[in-house]
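Working notes, beginning with the structure itself.
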Amino acid sequence: MISLYVGLILLLIGCIGALFGPKVDNIMIRLLNIEVSAVGVMLIFLSFDETLALMTYIAINAPLTYVLVRTIIKLEGKK
Amino acid sequence: MLVSVLCCILGGIGVILHTNVINKLIMLSLMETGIIGFIAYYYYLDVAILMAICSPISNIIILLGYIKYLELKKG
Amino acid sequence: MDFNEFFYLINLTVYAFLIGSLLLGLHRKIMAKIQLRPGPPIIQYLLHTLKFYFKEITFPITAGNPLYIFMPILQIIVWLSALILAVKLESSLLIIIGLYVLQKIVEHGCGLSSGSPYGKLGGVRSVFSAAAEIPLFAVVSTVYIVTNSLIISDIVSYQQIHGPLILKLPISAFAFFILLVSKAPNSPFGIVKGKDIVSGYLTEHFGLLAGLIYIGDAIAYFVLLWLFIAIFLGISNIFLALPFMILITFIISIINGLTPLLAPHHSVMLQITIAIVVLLDLLHRVIFL
Amino acid sequence: MFYETVIISFIVGILSLFAIGVQKNNLHALILTDLLECSLLCIIAAVGTDLAEALILPGLVVSMAEILAIAEVLVVREKVRGKKLNDFKINFDLEILRTSPLFISIILVIYGAILSGFTGGAVIASGLLYYFFCKRVLGENIINRVKWVGICGFSGIAWSLWIVGFLGFYLFPKYWLVFLLFAGLGLVIKVCSKLGLLGMAE
Amino acid sequence: MIDGGIFGIVPFGDIIFKYSMFSTIGFVIAITFTILVYLTKPEKQLEAQKFGEDKLIDIPLHELKNRRYMAIVCGIATAGAMLTQDIFDFALFLTLVGIANIGIVSAVKREHVLNASFQYGLTSIIATLPLFGASALILAKTGTLSILELHHLNKNLLFEKILYGLGMAGETGVAPYYAAKAEMFRAPGSPYILMIHLSSLLLIVRTVEILLTI
Amino acid sequence: MPYITYLGERMDLFYFNLTIISFIFGNFVGLEYSYRYPPYHEKRIDKFALISSILGGFLLLTPLYIIGAFFIGFPLGMRSGYGRIEFLIGLSIFVILYLIRWWYVTG
Amino acid sequence: MIGKIWNYLSKPELVPRLFAITLAIVFIFGLFWPIYKDNNQLYPKPEYHSQALKTPLAPYDRSIVKAQYPQYLPDLGKITSYLTPIAIFIKDRTLFFGTTIVSTPGGILDEILYYTRGMDTVLESSILLVAFIIFTWLYWNRERD
């Protein structure tokens, strides 16, 4: 069950990093820290043997990232 | 297995602690490598293949987004 | 349905309408007396209704049409079905509350479909004051926890054995009573129909449509009073309930005559405070019973 | 195993909820909701049965769909407020953007078609998205209202195909196989066309 | 006994649609309103102008079509939510109603309306966490999601129920949050906005029924 | 309380409705009647209203209660300042007689 | 004074934040609430990772399923046992592609997703549809008025 614990640790690290990590005022950095949590979720799926959900999550992650990045770029930038 | 654990944990901490986005992306790839190791350890090869194909896509999207972001910050 | 049943239902409707109108008229008279002025006779509400009922109707050009006409009809449908479900069938309390909730839809729909700014304001305020329903659900839950049923006939028979619920659930009874107060005309919570926005959602409904809404209001007043008496005093007979109805109307008119109209925010806040109190009561009962 | 996962997800949920509570920037709040979804998915996954796995997929889609809609509402709100918005046009020449997209997207499309169902749709969608995105980055103007609306309509038809498949299971249980294939096909087309189209949006 | 007698049952696998007295009334109301909303033309709002005459504000056709579609989806979803006998399914119905509501409002191009719509949307995303989380916890604790089955089990589900209720509150934008909703309600197009209100009220009643039953 | 007025006969909802309608009609006639006088004139007992009220109070206890309701409604419906004392007299007669009857039957 | 507080609270910007904080407090109570898993679950999984290398359908090889209402499902289990030609082709060759096989039409998850809990999937795809319509509409009409 190492994968479960690694997943939980990653989930927690990602969460704490996204909230209190260095320079999270920068939105790109915050987005990347959240990716850590997402990876933790993948590991948890894996350790509960839910491979189909894992597959879907992996595949969905790309459009989700795209949407978020697109919104960031549209709104952030020139002050 | 141990390698995967190390990759994951180190990658995770690395992503958090680095402040340069490019470095963070590299660390993220390291972490994803760790996951692929985990998946292969349980013999779900199809998932591993899919992960290997799909994870670069989001990385590239973030990378290009960051480049655009830098451009915007400068100009 | 055989003829006797049908005849009974018609009689019941007429009864509810007449009693409701007379009580509303009485309410107005008592309020006038409290404010030291000669009020209108107690059949005034009935006369108003009849007057509106036989008037000509026109439609404003701004109105959104089927909805505009449907709303008063909905008011009638809602309260007639509430009357039948509550008084005749003594069905589930939750259904009646669901129908009561539709009253908000009527207010909102009347206000918004007319396109008039006053009506719209009334509608928006009606949405705003929807917090008044939260204590209602808490009351329902509390009653369910105590009696283990929501069918009104069960609740009434429970009270015949254990005594009226108002002694056991004073907070819930108070919350329900506040609901009655807010439903009565000229109440401190009546921000929806307050005089500062002409007449709220009713502004653009005149003629026959207003008559229908008035009829619905009378039946609604009757049904709500009956519900209060049946749930908290355990008297479900419509004749026996009559003296209590007059008594409650008396109390409500005294309250309404003595209090000013609250500002919208304050009215909502007061109701939310009551809601929180009732919810705490509910939580307490869930945990310790 | 169940308990630890749920507790950790609770903690993540609490932290991110507090973060949203004190967050003043709307964009940051939107990004943080992504973290909430992680916590949500973990709670469901912790049950660890086949049923829970079937419940994860709706949870996943719901979070994705809501973020998609809300992000666009946010963008339009800023536009209506009179803020000048940046365009999402990246002009950047990278070797990988020329060589990889065709290959990766073909692999993903074929694999997704084999998978079928919702998973296959998501896989195909990520392939298509990558393809369109790379084309856009390389400066080709592929966006076109007619094309867009056409694909949307196509996806709507696929959706109704899936509904037909679903109802068929109960109305004609004899021919379950046909309706099973209907359902898988409809879902894959619907999801892939919807999410793949996102790659076109600038 | 909460909902009066049962008239019939429509099984869709594990998810069962039950016609009881309560749910049938809710279903009929929702369907009637959906038809009504489809038929109704939106009202024209009279807006005072600073200079010149007052003008009537009309809703353009493309906006009308979109909002009408969303209102119909919302109505059908509400009708379905009245019938379903499965907690997770009900949660999904709630989410569908929530997102359709956002669709109805967000088509109006005014700043305060869009702002309220965005905040409502954010609330509804947040609300998916307690809603689905509570269903998952109930599933773990009792091993079933069906309301009919849960009715017979005697387990202490207080916390899960509170979570579920809060999730519903966020998804339909209830009570204290009505303050923000009133902001959305100033948008023109009464039938569609009426649909938002109707759906949320009906769903609240239904949620109370579910929470009392399980 | 099905036996609200006339002991021995069960009060039907239909007849009760008729009673209320006749009561309202009495109100209406009283209103119409009182418009002949100047507004708001207290301390003046109208003979006609008094007779009607007392008659109504008696009739409510007989099978003719429908007409009784009409008569007792007559003073109540009069415009403000009129008919108050008359109505109270009629009502108290009714209440006293009812209590006596009730005591007589049960005790 | 109270009115002022109420006026402040009624700003729409504050609503999600207040809601989030309320929810967080409730979740903190949840940490002390007894949370456990009943062993009598529907559609149970075998022990995790126990099927690897033993069967080509790796994590999804099920023979018996336990459904909610057995009386309504005389057809339960048909979909579980069905394999498409592609799936059979893959199954005969390798042990490592179980997820792919199950994801093609047929298999336990299709049974749950399409048949026993089909309504969930209908709603899920409707939610995606509605969200996408909102997106499309806003995207194409942002230039207007």
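Just so you know, all these numbers are worked out from the coordinates, no wet-lab data involved. Bear in mind that the values here come from a model prediction, so they are computed numbers and not experimental data. A quick note on method: Cβ atoms are made from the backbone with ideal geometry, for glycine too, and the neighbour counts reach across all protein chains shown.
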**OP:** Rounded to the nearest 0.05, what FRET efficiency do F:Lys47 and C:His266 give with R0 = 60 Å and r taken as the Cβ-Cβ distance? Could you check?
**Re:** 0.70
Subject >> Point-to-point label distance, E:Thr213-G:Lys78, nm (Cα→Cβ direction, 7 Å offset) >> reply: 2.9 nm
**OP:** Consider a paramagnetic label point 7 Å from the Cα of E:Lys65 along Cα→Cβ; state which residues of the stretch D:160-202 have an amide N under 20 Å from it.
**Re:** D:160, D:194
Subject >> Rounded FRET efficiency, nearest 0.05, which uses the C-beta distance separating C:Leu89 from B:Ala52 and R0 of 51 Å >> reply: 0.20
Subject >> Cα-projected label distance for C:Asn237 with D:Tyr3, points at 7 Å along beta-carbon direction, nm >> reply: 6.0 nm
Subject >> Listed residue pairs exceeding 26 Å between alpha carbons, taken from B:Lys73/D:Lys194; E:Lys141/G:Lys45; C:Lys88/C:Lys193; B:Lys73/D:Lys135; C:Lys120/E:Lys109 >> reply: B:Lys73/D:Lys194; C:Lys88/C:Lys193
Original post:
Of the residues G:Val130, G:Val26, G:Val122, which exhibits the maximal mean-square fluctuation in a Gaussian network model of chain G defined by a 10 Å Cα contact cut-off?
Top reply: G:Val26
**OP:** Taking the Cβ of each residue in E:Thr24, G:Thr100 as the centre, tally the other Cβ atoms inside 10 Å and list the residues starting with the fewest.
**Re:** E:Thr24, G:Thr100
**OP:** Provide the FRET efficiency to the nearest 0.05 for the E:Val28-C:Gln35 pair, computing r from the beta carbons and using R0 = 30 Å.
**Re:** 0.10
Original post:
Can you give me the relative contact order of the stretch D:1-40 as a percent, contacts being Cα pairs under 8 Å and 6 or more apart?
Top reply: 51 percent
**OP:** Report, in deg cm²/dmol and to the nearest 500, the calculated mean residue ellipticity at 222 nm for chain D, where each DSSP H run with n ≥ 4 adds -39500 (n - 2.57) and the sum is divided by the residue count.
**Re:** -28500 deg cm²/dmol
Original post:
What residues of the stretch B:51-75 lie in the reach of a label at D:Thr99, counting those whose backbone N is under 17 Å from a point 7 Å from the Cα along Cα→Cβ?
Top reply: B:53, B:56-57, B:60
Original post:
Given a cut-off of under 8 Å on Cα pairs at least six residues apart, what relative contact order in percent is computed for the stretch F:13-106?
Top reply: 36 percent
**OP:** Specify the inter-centroid distance of the stretch D:137-202 and the stretch A:11-79, based on alpha-carbon positions, in whole Å.
**Re:** 27 Å
Original post:
Expressed as a whole percent, how much of the Cα-Cα distance distribution for the stretch G:93-145 exceeds 15 Å?
Top reply: 66 percent
**OP:** Let me know the shape class of the stretch D:2-80, please: from the alpha-carbon gyration tensor, a ≥ b ≥ c as square roots of the eigenvalues, rounded when a/c is under 1.5, otherwise prolate if a/b is greater than b/c, or oblate.
**Re:** oblate
Original post:
At what distance in nm do the modelled label points of D:Leu181 and B:Leu2 sit from each other, each positioned 7 Å from its Cα along Cα→Cβ?
Top reply: 5.2 nm
**OP:** Give the angle, between 0 and 90 degrees and rounded to the nearest 10, that separates the Cα long axis of helix G:118-140 from the longest principal axis of the Cα atoms of chain G.
**Re:** 50 degrees
Original post:
Please state the relative contact order of chain E as a whole percent: Cα pairs under 8 Å, 6+ residues apart?
Top reply: 25 percent
Subject >> Length released on extending from C:Tyr53 to C:Leu208, taking residue separation times 0.36 nm less the Cα-Cα span >> reply: 55.3 nm
Subject >> Taking G:Ile28, C:Ile95 and counting other C-beta atoms within 10 Å, the order from fewest to most >> reply: G:Ile28, C:Ile95
**OP:** May I ask for the percentage of alpha-carbon pairs in the stretch D:95-200 that lie more than 24 Å from each other?
**Re:** 31 percent
**OP:** Taking chain F as the reference, fit the longest principal axis to its C-alpha atoms, fit the long axis of helix F:65-76 to the helix C-alpha atoms, and give the angle between the two in degrees, 0 to 90, nearest 10.
**Re:** 30 degrees
Original post:
What whole number of Å gives the distance from the Cα centroid of the stretch G:83-145 to the Cα centroid of the stretch D:48-123?
Top reply: 14 Å
Original post:
Among all helices in chain C defined by DSSP H, which have a length of 24 Å or more along the axis from Cα atoms plus a Kyte-Doolittle mean of at least -1.0?
Top reply: C:3-34, C:65-83, C:93-114, C:208-228, C:241-258, C:264-288
Original post:
D:Ile143 label point, 7 Å along Cα→Cβ, cut-off 14 Å on backbone N: hits in the stretch E:92-126?
Top reply: none
**OP:** List E:Glu171, D:Glu66 from most exposed to least, where exposure is judged by having the fewest other Cβ atoms within 10 Å.
**Re:** D:Glu66, E:Glu171
Original post:
Hey, in the GNM for chain B with a 10 angstrom Cα cutoff, which one of B:Gly34, B:Gly65, B:Gly12 fluctuates hardest?
Top reply: B:Gly65
Original post:
Taking square-rooted eigenvalues a ≥ b ≥ c of the alpha carbon gyration tensor, is the stretch E:6-213 rounded, prolate or oblate, where a/c under 1.5 means rounded and, failing that, a/b exceeding b/c means prolate?
Top reply: prolate
Subject >> MRE, 222 nm, helices only [DSSP H, n ≥ 4, -39500 (n - 2.57), over chain E, to nearest 500] >> reply: -23000 deg cm²/dmol
